[in-house]
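Laboratory data are not the source of any read-out in this text; all were calculated from the coordinates shown. In this text the structure is predicted, and so the values were computed from the model without any measurement. Please note: Cβ atoms are built from the backbone with ideal geometry, for glycine as well, and neighbour counts cover all protein chains shown.
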Amino acid sequence: MEDMRTIGKARRDKAVSVAMKRKEEYLGARVPKVLRDRVVERAKALGIPVSILIRNTLEDAFKEGVVGEDVLNPSVGLSDKKAISENFSSVIGWELIQLNKVVECSGCGLELQRGAEASIGLGARQPVVICCACKENI
C-alpha cells in the first residue's frame, strides 16, 4: 500500500512540475468515480483529452468572471434531485444494465455509450434509461 502512495505522489509531483514548466497552474480535485467515468466517457466521445474537457468546462463556468448560480448556490442541486424523482414517479424499480447501444439519459440528456452501465426503469410506460449520476440523485 505504501508503494502505491509513493508512486502516486511521484506522478503527482511530476505532473505539477510539467505544468509549472508550461507556466500554467495545476489544479487537482477528488471526484466520485461516477463523475470521473462520465467525464472520461464524454472526452472519448468528443475525441479530446480529459484535461482539455475539464479546462474548457471550467472556462465556460467562469466566463467573464461570472459563476453560474448552481455553483454558488448548492440548494439548486436539491431542486434538481426533486425534479428527477418527480419525472420518474411511474417507475416502480430500477435495474442496473450494461447498454448494448448508444442511448440518451432520460434524466440529464447525456449520451450514454454502448457498454456503459446505466439503470432502466421498470413499470414506466415509455423506456426510461438513466445514467449512474442521475440514479444517485433520485
Placed amide H near Glu104: partners under 5 Å, 5+ positions off or other chain: Leu112
Exposure proxy ranking, count of Cβ atoms within 10 Å, fewest first, for Phe62, Phe88: Phe62, Phe88
Val128 long-range amide H proximity, modeled H, under 5 Å: Gly121
Phi to ³J(HN,Hα) by Karplus 6.51 cos²θ - 1.76 cosθ + 1.60 over the range 25-39, Hz, x for Gly, Pro: 7, 9, 10, x, 8, 8, 9, x, 4, 4, 5, 4, 4, 5, 5
Phi to ³J(HN,Hα) by Karplus 6.51 cos²θ - 1.76 cosθ + 1.60 over the range 48-54, Hz, x for Gly, Pro: 10, x, 4, 4, 5, 4, 5
